[in-house]
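One structure is given below, encoded as structure tokens.
The values are calculated or read from the model by the stated rules, or taken from the named source; none is laboratory data. Everything quoted here is computed from the prediction, not taken from an experiment. Please note: Cβ atoms are built from the backbone with ideal geometry, for glycine as well, and neighbour counts cover all protein chains shown.
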Amino acid sequence: MLNNEFVKQAARDSYDNLVYVRMQDDGISASPQFLALLASESYRNAFDDVIALGLYNYRTHYDNQLRQPNSLVLYEKYSRKDVCRLLNWEDNEDSTMYGYKIKYNTCPIFVTYHKGQEISASTDYDDKFLSPELFSWMTRSKRTLGSGEVRKILSQHESGLSIPLFIKKHDDEGADFYYIGQAEYIKGRERQTTIKDEAGKDLPIVNFLFKLQQPCENDLYTYLLEQAQQ
């Protein structure tokens, strides 16, 4: 983040391509641009405020029992960009992540629980809680038990693949998802099935049953399951 390599070019342009640090063989040092800015008292004061806020947020949200080994905090809200950063992905891949993506032995899953009527038939996945600790999840369509990404999930117990689950109630909530916790697929409960496309044709899809490491907190569980008021 501090050397501006994680963010996309459009974001770099909005920051005037400011690079905070330089990474060299002998270590990390502040860039000349950053040092010049720090010479301004008003900039230094604003910078100190940002650091103080960051430390406060850390103590408030991360220094507690809900913090997970992957730097995520149960039931906090994250964007796809946040998740890429916190899972230590090299680049921000939020625009190509969609419902899930497997990379660096992680597979973050993003679910919109109550989908809008405008959604296409082939992406109207029947993702749902069966209980506070069991979640039924569908891969994207045109996948079988022999598909590469499906095999990676099936080998989770051997590879240690991390599957963090993120859910938002509906699209009106914006781009952020609640972090529900780490999911582990239950062996023997994977199922090859089908989903219909817009023309009524059956497309292959795989259904997994996940068990959460910690059952979803009751208030959030109830909130997510409730249908929106008509």
Give the residue, chosen from 114, 157, that is out of contact with any helix residue (DSSP H, G or I) (no Cβ under 7 Å at 6 or more places or on another chain), part of a helix (DSSP H, G or I) and either in the same structural domain as residue 82 (by TED's automatic domain parsing) or not aliphatic (A, V, I, L, M) (or both).
157
For the stretch 135-154, enumerate the residues that are over 17 Å from residue 97 (Cα atoms), in contact with an Asp or Glu (Cβ under 9 Å, 6 or more places away or on another chain) and not in a helix (DSSP H, G or I).
135, 136, 145
Failed criterion for residue 129 (all others in (1) assigned to a strand (DSSP E or B); (2) in contact with a His (Cβ under 8 Å, 6 or more places away or on another chain) hold)
(2)
Filter result for residue 167 (in a helix (DSSP H, G or I), modelled with pLDDT of 95 or more and buried (at least 16 other Cβ atoms within 10 Å of the Cβ)):
no
Number of positions in the stretch 111-154 that are of a type outside the set (Asp, Glu) and free of Cβ contacts under 8 Å to residues at least 12 places away in the same chain
5
Candidate set: the stretch 1-54, residues that are among the aromatic types (Phe, Trp, Tyr) and assigned to a helix (DSSP H, G or I); chosen: the one modelled with the lowest pLDDT:
34
